[in-house]
Each structure stands twice: as structure tokens, then as C-alpha cells.
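Below is one structure, written out as C-alpha cells; the observations come after it.
Coordinate-derived values only; no laboratory data. The structure presented is a predicted model; accordingly, all values stated were derived computationally and were not measured. Note: ideal-geometry Cβ built from the backbone for every residue, glycine included; neighbour counts use all protein chains shown.
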Amino acid sequence: MSDLFFSTDLLGEFDRLQRQMASVFAGFPASLRAMRSETFPPVNIGSTDDSIEIVAFAPGLDPAAIDVSIDKGLLTISGERKLPRPEADDETRIYARERFMGAFRRVIELPQHADPDKVSARYTNGCLAVSVGRSEASRPRAIAVQ
């Protein structure tokens, strides 16, 4: 006699496990091609004690064609990536195009402690770095114990 216990519905248990795993990873694209075009440019968001740092990866753009604005706690990055001029041969047929072309707009909700008067943006090596300062009241500070 075996000391191991197996459910009589082992395939049902595997099906339940597969559904749970699918729900955990439902929000992530399976590959780069699965990402929607509205997610351009991809961004990284982080913070320091003094600011919120946003880096948008947008290579091949003219910095003058990128608009950055803040309104009611929302940071908006918008612009347009134009199609490059065709190669010397206009008869070239394109079979696949993975690089996003066209107008884009990313809206990022900022935390309440962001100060819209302390914003700077710079474009270097295809990356747009936006720094939004924190309000003075939200910065960490040491409290003297008496």
C-alpha cells in the first residue's frame, strides 16, 4: 500500500493550476511583437529623496518634436516618429515593420507630492529623461529628539 495520496481528478488540478498561472501573467506581453503600439515610448519610473525620475526610450526622434507637459498631476509625453525616407529603390516591398511610426502620447500619473514647478527634461542618446521635483513637505527629514 502506498503512503502517497493522489487526487482522482489529477487533470482537473493541472487545468486549475494553468488557469491560475495565466491570470497571474495576463497583463504582460508574450513578446515584443505582442506589445500594443500605444505603449510607445516604453518608460522606466523611479524616485529619489528629491525627485521622481522618468526615462522614456525614444530613439531616432528630434528633441524639438517631443512635447512634455504637466497638468493636474499628469505628465504627458507626446510627439511623432515619422517614416524614414524610402531607400533608393521605391519598389521595395516591406514584409515586416517592428519599429513604431506615427503619433504617440504617453500619460503618466504623478504622485501627489510631485511639484509641477520643478520639472526638467533632457534628451540624450535616444532617451528622454524627465525629473519632477518633490514638494518640500514630502522630503524625508531627520527629527531631533529632545
Using modelled amide H (1.01 Å from N, peptide plane; none on Pro or chain starts), what sits under 5 Å from the amide H of C127, excluding residues fewer than 5 places away? A58
Over the stretch 91-146, the quotient of the Cα radius of gyration and 2.2 N^0.38 Å is 2.03
Net charge of neighbours whose Cβ lies under 13 Å from the Cβ of F57, counting Lys and Arg as +1 and Asp and Glu as -1: +3
In the stretch 92-144, if the dipole is taken from +1 on Lys/Arg beta carbons and -1 on Asp/Glu beta carbons about the Cα centre, which of T124, A114, S135 is farthest to the positive end? T124
Estimate the FRET efficiency between S135 and F14 by the formula 1/(1 + (r/R0)^6), using the beta-carbon distance for r and 30 Å for R0, to the nearest 0.05. 0.05
By the mean-Cβ-within-10 Å protection proxy, highest first, 57-69, 121-133, 94-106 rank as 121-133, 57-69, 94-106
